[in-house]
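Peer 1: One structure, as structure tokens, below. Some questions next.
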Amino acid sequence: MEIVTKMGAFIGGHAQAGRLVDGAGLGASKTRTRLIFRGGRATVKHGPYRGEHELPAATLLLKVRTLDEAIGWAERYGKILGDGEIELGKVNEPWDIGLMPMPDNPPLQILLIEKADATTEVGGRTSKQKADLTRLKTEMTKAGVLVRSLQLSPSSKAKRLVFTNNDLRVVDGPFAESKELIGGFAVMDLPGMDDAIALCRGYAEILGGTLEIDVRHVDQTE
């Protein structure tokens, strides 16, 4: 609970200062599902599993009744993109970490993570794919499923922060991939990259000082 208390104070301080825009932690891989698309067909793999290709290109926060419902939306999303991979990760709720009792029949919040590929890493999708995704997101919003979505700029504009016992090594993008499972995300409104790195130092210290953080720019054109 000490980590939860420290993290709560850390997040609360940035939220009060107007720097925290959005964020969520994800459950362990046993709560996750991967969809791998090849030749128009989707293979569904449930966790637990290890990290394989974990570089994100976009995320969609979904509010659904069941995992099967989320998988159905993810299949439609992935078939628009063609060959690729999507991960569905359950968002940690306050009752998952012992902060409050679980309410009756709560909605299931799932983070849909579109994995990066050669196309997203050079700047995006085709006009048809973008139009089809826009139509699907509109349908998801009308259905009350899509809470919000986030498009990331290519990793060539990013930095990877590798912390080992609070010692920091900074790696400049682009990144071919990451094999570290995504533990969560935070969207911050900050003046620049140096401010982001300074913030991540404090975050890493709370979590024990040994972890990896990718600092990515949000694509404001999407």
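Peer 1: With at pLDDT 95 or above, more than 16 Å from the chain's Cα centre (by Cα), closer than 25 Å to LYS179 by Cα and of a type in the set (A, V, I, L, M) as the only criterion, which of LEU67, LEU61 stands out? Walk me through how you get there before you give the answer.
Peer 2: Numbers: LEU61 fails: more than 16 Å from the chain's Cα centre (by Cα).
Matching residue, one of LEU67, LEU61: LEU67.
Peer 1: Farther than 19 Å from ALA70 by Cβ, out of contact with any Cys (no Cβ under 6 Å at 6 or more places or on another chain) and assigned to a loop (DSSP other than H, G, I, E, B) - does that describe any residue in the stretch 137-156?
Peer 2: Step one: filter the stretch 137-156 for residues farther than 19 Å from ALA70 by Cβ, giving 151-156.
From what's left, out of contact with any Cys (no Cβ under 6 Å at 6 or more places or on another chain): 151-156.
From the residues that got through so far, the ones that are assigned to a loop (DSSP other than H, G, I, E, B) too are 153-154.
Yes.
Peer 1: Can you spot a residue in the stretch 88-105 that is under 18 Å from the mean Cα position of the chain (by Cα), assigned to a strand (DSSP E or B), aliphatic (A, V, I, L, M) and within 23 Å of VAL147 (Cα to Cα)?
Peer 2: yes
Peer 1: Moving on to the next point. Might you check whether a residue that is touching a Lys or Arg at 6+ places or on another chain (Cβ under 9 Å), assigned to a strand (DSSP E or B) and surrounded by 14 or more Cβ atoms within 10 Å (Cβ to Cβ) occurs anywhere in the stretch 121-128?
Peer 2: Looking only at the stretch 121-128, we keep the residues that are touching a Lys or Arg at 6+ places or on another chain (Cβ under 9 Å), and these are 124.
With assigned to a strand (DSSP E or B) added as a condition, the list becomes none.
Scanning the stretch 121-128, I find no residue that is touching a Lys or Arg at 6+ places or on another chain (Cβ under 9 Å), assigned to a strand (DSSP E or B) and surrounded by 14 or more Cβ atoms within 10 Å (Cβ to Cβ), so the answer is no.
Peer 1: Are there any pairs with C-beta distances below 7 angstrom linking a residue in the stretch 101-117 that is touching a residue at least 24 places away in the same chain (Cβ under 8 Å) to a residue that is open to solvent by less than 40 Å² (accessible area, probe 1.4 Å) and of a type in the set (Ser, Thr, Tyr), with the two at least 6 apart or on different chains, and if so which?
Peer 2: Between residues of the stretch 101-117 that are touching a residue at least 24 places away in the same chain (Cβ under 8 Å) and residues that are open to solvent by less than 40 Å² (accessible area, probe 1.4 Å) and of a type in the set (Ser, Thr, Tyr), the close pairs are LEU111/THR59; LEU112/THR59; LEU112/TYR77; ILE113/THR59; ALA116/SER155.
Peer 1: From (1) crowded, with 19+ Cβ neighbours inside 10 Å; (2) part of a strand (DSSP E or B), pick out the condition that doesn't hold for GLN109.
Peer 2: Here GLN109 clears every test but (1).
Peer 1: Counting residues that are open to solvent by 70 Å² or more (accessible area, probe 1.4 Å), modelled with pLDDT under 90 and farther than 26 Å from LEU81 by Cα, which strands (runs of 3 or more DSSP E) fully inside the stretch 1-51 reach at least 2?
Peer 2: Working: elements: 20-25, 33-38, 41-46.
Strands (runs of 3 or more DSSP E) meeting the threshold: none at all.
Peer 1: Please determine, by comparing only the residues of the stretch 44-66 that are in contact with a Leu (Cβ under 7 Å, 6 or more places away or on another chain) and of a type in the set (Ser, Thr, Tyr), which one is nearest to GLY184 (Cα to Cα).
Peer 2: Taking the candidates together, the pick is THR59.
Peer 1: Now a separate question. Suppose we keep only residues that are in a helix (DSSP H, G or I) and open to solvent by 40 Å² or more (accessible area, probe 1.4 Å) within the stretch 171-222. Which one would you say is farthest from LYS130 (Cα to Cα)?
Peer 2: Residues of the stretch 171-222 in a helix (DSSP H, G or I): 193-206.
Right, trim to open to solvent by 40 Å² or more (accessible area, probe 1.4 Å) and you get 193-195, 198, 201, 203, 205.
Working: MET193: 29, ASP194: 32, ASP195: 32, ALA198: 35, ARG201: 36, TYR203: 35, GLU205: 39 Å.
Once the filter is applied, the top-ranked residue is GLU205.
Peer 1: Now for a separate question. Of everything in the stretch 148-170 that's open to solvent by less than 70 Å² (accessible area, probe 1.4 Å) and among the hydroxyl-bearing types (Ser, Thr, Tyr), which residue is nearest to LYS63 (Cα to Cα)?
Peer 2: SER149
Peer 1: Got a number for residues in the stretch 52-70 being part of a loop (DSSP other than H, G, I, E, B) and surrounded by fewer than 14 Cβ atoms within 10 Å (Cβ to Cβ)? Reasoning before the result, please.
Peer 2: Taking the stretch 52-70 and keeping what is part of a loop (DSSP other than H, G, I, E, B), we get 52-55, 65-66.
Then drop every residue that is not surrounded by fewer than 14 Cβ atoms within 10 Å (Cβ to Cβ), which leaves 65-66.
Matching residues across the stretch 52-70 total 2.
The values are calculated or read from the model by the stated rules, or taken from the named source; none is laboratory data. Model, not experiment: these values are computed from the prediction. Because the Cβ atoms are built from the backbone with ideal geometry, glycine has one as well, and the counts that use them run over all protein chains shown. These area figures cover heavy atoms from the full protein model, side chains too; ligands, DNA and RNA do not enter into them. Shrake-Rupley method; radii C 1.70, N 1.55, O 1.52, S 1.80 Å.
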